[in-house]
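Nothing in this text is a laboratory measurement; each read-out follows from the coordinates by a stated rule. None of the values given here were measured: they were computed from a predicted structure. Please note: Cβ atoms are built from the backbone with ideal geometry, for glycine as well, and neighbour counts cover all protein chains shown.
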Amino acid sequence: DPRYWDEEFAKTTKFGGIIAPPIYCTYLRRTPPGVEDPITRAFRDNPNSDGIGGVESAERRGGLPPIPTDLKRVMNAGNEIEVYKYPTLGDRIFSQAKIAEIKERVGRDGSPMLIITVETTYTDQHGAVLCILRASSFRR
């Protein structure tokens, strides 16, 4: 989309200049170069890893403290995103995460289960909300 790279075209849009894709903010918290990725380490340490279990969120950049539970298996339960404003070229983007909800459930097999929703709000350098991401996961 030329709104993301063509300055002349971007000036003709309602944004008046180059913008970033609306969910770009949600991809900013990644492992820095030269630091071992915690998910890669989980697979190395346990080849049967599900790719996320055993990797506490606090190990990820900007992660929250771990949820105190004996339930270790983690599965994605879906994401929801609300976009309020597109980031623009030169914006400084900040994020603030919180645990929005923890629901206790019983699985079909009778085993305990948690549904955990983490809400992350992304803002620009002026404090304007860019987007809110709600990421849910199952813990079994």
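Values for this structure:
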quantity: Separation of alpha-carbon centers, region 100-135 and region 1-45, rounded to whole Å; calculated: 22
quantity: The chain: calculated mean residue ellipticity at 222 nm from DSSP helix runs of at least 4, using -39500 (n - 2.57); calculated: -2000 deg cm²/dmol
quantity: Proximal lysine pairs, the chain, alpha carbons under 29 Å, eight or more residues apart or interchain; calculated: 5
quantity: Estimated FRET transfer efficiency (Ala77, Asp6; beta-carbon r; R0 41 Å; 0.05); calculated: 0.60
quantity: 13 Å beta-carbon shell around Glu80, net charge (K/R +1, D/E -1); calculated: -2
quantity: Charge dipole magnitude, Cβ of K and R +1, D and E -1 - region 2-139, Cα centre, debye nearest 20; calculated: 120
quantity: Cα gyration tensor category, rounded, prolate or oblate, for region 96-140 with a/c compared to 1.5; calculated: prolate
quantity: The chain: equivalent-ellipsoid semi-axes (sqrt of 5 x gyration tensor eigenvalues, Cα, Å); calculated: 35, 18, 13
